[in-house]
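Any read-out appearing in this document is the output of simple, stated calculations on the displayed coordinates, not a laboratory observation. Values in this document were obtained by computation on a predicted structure and should not be read as measured data. Positions of Cβ are backbone-derived with ideal geometry, glycine not excepted, and every protein chain shown enters the neighbour counts.
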Amino acid sequence: MQPLDHFQYEPENRKQIQQNISCFEDYRQDLKDKRHAAVAVTLMDHEGEASVIVTRRSPRLKEHSGQWALPGGRVDVGETATEAALRELQEEINLALSEDHILGCLDDYVTRSGYVITPVVVWADVVEQALKPNPDEVASIHAFTFTELARSDSPNLERIPQSDREVLSMNYLDEVIYAPTAAMLYQFREVAIRGSDTRVLHYDQPLFAWK
């Protein structure tokens with residue numbers, strides 16, 4: 001595993017990111033009584049720089065409306081996590097991709113709201129302007145650039161009285177994105193961008209994400 005030398009959106013970085021993820025032993029979690037979900041950590045071109053697609057969830061949604069998210073949702077019966085991630089990309093932001101675009105997976109993350117989420121890393125070969133949100137699910141689409149991901153003031157770790165685990169968040173422009181989304185973004189940064197074997201399952205989520 002090796003850190004990226006630069007953050008440009010080009011084949012050299014795709015190759016190194018895929019190599020870093022391939023060298024990383026991603027852990028799966030037992031579903032038990034939880035529901036399986038998948039999200040797409042989707043890499044796109046934002047003004048020449050590699051960036052992760054993040055979204056604002058639609059205020060119309062019953063669960064976690066208005067929150068920052070990665071495109072994703074439940075894994076349907078008979079579906080794999082990678083198939084679900086690609087399906088959700090098309091449903092949420094009208095981005096149709098094949099499994100050839102998948103670079104690998106990160107660790108499953110278990111949420112307080114009853115999900116086991118598998119993050120699937122995808123190289124999109126798309127620019128931000130080509131994306132169109134489905135208003136029933138997504139309010140807006142944003143670029144979380146690698147430069148922004150690499151900020152020295154992220155992640156934030158804080159204690160809350162309701163948990164013995166630290167709550168993780170990532171700074172994004174003038175806002176803050178919390179776990180579970182932040183935990184997966186942080187692990188992507190450490191594994192794919194910095195080439196570091198980093199785990200995040202031990203980090204908790206804020207109270208508003210427990211429901």
Measuring from its Cα centre, the chain shows a charge dipole (+1 at each Lys and Arg Cβ, -1 at each Asp and Glu Cβ) which, in debye to the nearest 20, is 700 debye
Please go through segment 15-120 and write out the trypsin sites (Lys or Arg not before Pro) that DSSP classes as loop and that have at most 13 other C-beta atoms within 10 Å. 28, 32, 60, 62
Using 0.36 nm per residue of separation minus the Cα-Cα distance, give me the extension gain between residue 160 and residue 210 in nm, one decimal. 16.7 nm
Starting at the first residue of segment 20-30, write each ³J(HN,Hα) from the Karplus equation 6.51 cos²θ - 1.76 cosθ + 1.60 with θ = phi - 60°, in whole Hz, x for Gly and Pro. 4, 5, 5, 7, 8, 8, 7, 9, 9, 10, 5
Computed ³J(HN,Hα) along segment 199-208: with the Karplus parameters 6.51/-1.76/1.60, θ = phi - 60°, integer Hz and x for glycine or proline, the list is 10, 9, 4, 6, 8, 9, 10, x, 4, 5
Taking a ≥ b ≥ c as the square roots of the eigenvalues of the Cα gyration tensor of segment 141-205, is the shape rounded (a/c under 1.5), prolate (a/b larger than b/c) or oblate? oblate
Under the Karplus relation 6.51 cos²θ - 1.76 cosθ + 1.60, θ = phi - 60°, what is the ordered set of whole-Hz ³J(HN,Hα) values for segment 46-56, x standing for Gly and Pro? 10, 6, x, 9, 5, 8, 9, 6, 10, 10, 9
Can you report the principal axis dimensions of segment 1-62 using only the alpha carbons, biggest first, rounded to whole angstrom? 42, 33, 13
Once amide H atoms are placed 1.01 Å from N in the peptide plane, what residues at a sequence separation of 5 or more from residue 50, or on another chain, have their amide H within under 5 Å of its amide H? 8, 9, 146
Sum of side-chain charges, residue 81 neighbourhood, beta-carbon under 15 Å (Lys, Arg +1; Asp, Glu -1): -4
How much FRET efficiency would the formula 1/(1 + (r/R0)^6) give for residue 197 and residue 33, where r is the Cβ-Cβ distance and R0 is 30 Å, rounded to 0.05? 0.50
Sequence gap of 8 or more, or different chains, plus Cα separation below 20 Å: how many lysine pairs satisfy both in the chain? 4
Out of these labelled values of Kirkwood radius over Cα pairs in Å, [x] 17.0; [y] 18.3; [z] 19.4, which was calculated from the coordinates shown here? [x]
Residue 134 paired with residue 26, simple spin-label distance in nm, labels 7 Å along Cα-to-beta-carbon: 2.2 nm
